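Notes follow the structure.
The values are calculated or read from the model by the stated rules, or taken from the named source; none is laboratory data. Bear in mind that the values here come from a model prediction, so they are computed numbers and not experimental data. We place every Cβ from the backbone using ideal geometry, glycine too, and count neighbours over all the protein chains shown.
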Amino acid sequence: MGGVGAIIGGTAAAAKNIRRVKDAEINREEAVRNTIKEAAGAGLATAAATAVVGAVGATGLLSLVGILAMATGTKYLWDATTAPEKAPAAAPKEAKPKKETKSKP
């Protein structure tokens, strides 16, 4: 099942990345890396979810809910651990108080 998840996740990522390349948001290399990362994450999430639900022995609606919950959690963790680090935002500069000028009488 992990292979099916990887194919579906990779296809969805490829479609999104094709648009991003056309809009010049990312280059081709970034699109390929992102598509591979998304396919791997979706495959891992699907494999983990089906393995856990199968081990528990859930069937029917409970099986579907279990797969959705496990796959969502696994993919969330995958995205959190593989996300590129963001540079810290620069702190806004504080406004300097204006010097008071005394008017001469």
Cross-chain or 6+ apart pairs with Cβ under 8 Å, the range 64-87 first and farther than 18 Å from Val4 by Cα and in contact (Cβ under 8 Å) with a residue 40 or more places away in the chain, then surrounded by 10 or more Cβ atoms within 10 Å (Cβ to Cβ) and charged (D, E, K, R)
Thr82/Lys37
What residue, among those in the range 2-26 that are in contact (Cβ under 8 Å) with a residue 40 or more places away in the chain and surrounded by 15 or more Cβ atoms within 10 Å (Cβ to Cβ), is farthest from Ala51 (Cα to Cα)?
Ala6
I need the full set of residues from the range 63-105 which are part of a loop (DSSP other than H, G, I, E, B) and either modelled with pLDDT of 70 or more or among the charged types (D, E, K, R) (or both), in order please.
Ala83, Pro84, Glu85, Lys86, Lys93, Glu94, Lys96, Lys98, Lys99, Glu100, Lys102, Lys104
Spot the failing condition for Ala13; the list is (1) modelled with pLDDT of 95 or more; (2) farther than 22 Å from Thr82 by Cα, and only one is missed.
(2)
What number of residues in the range 19-41 are assigned to a helix (DSSP H, G or I) and in contact with a helix residue (DSSP H, G or I) (Cβ under 7 Å, 6 or more places away or on another chain)?
11
Across the range 17-63, the tally of residues that are within 17 Å of Ala6 (Cβ to Cβ) and acidic (Asp, Glu) stands at 1
What pairs come out if I take residues in the range 27-45 that are closer than 26 Å to Met70 by Cα and pair them with residues that are among the basic types (Lys, Arg) whose C-beta lies under 7 Å away, six or more apart or interchain?
Gly41/Lys75; Ala42/Lys75; Ala45/Lys75
Are any residues in the range 46-72 surrounded by 13 or more Cβ atoms within 10 Å (Cβ to Cβ), out of contact with any helix residue (DSSP H, G or I) (no Cβ under 6 Å at 6 or more places or on another chain) and either within 18 Å of Gly10 (Cα to Cα) or of a type outside the set (Gly, Ala, Ser) (or both), and if so, which ones?
Thr50
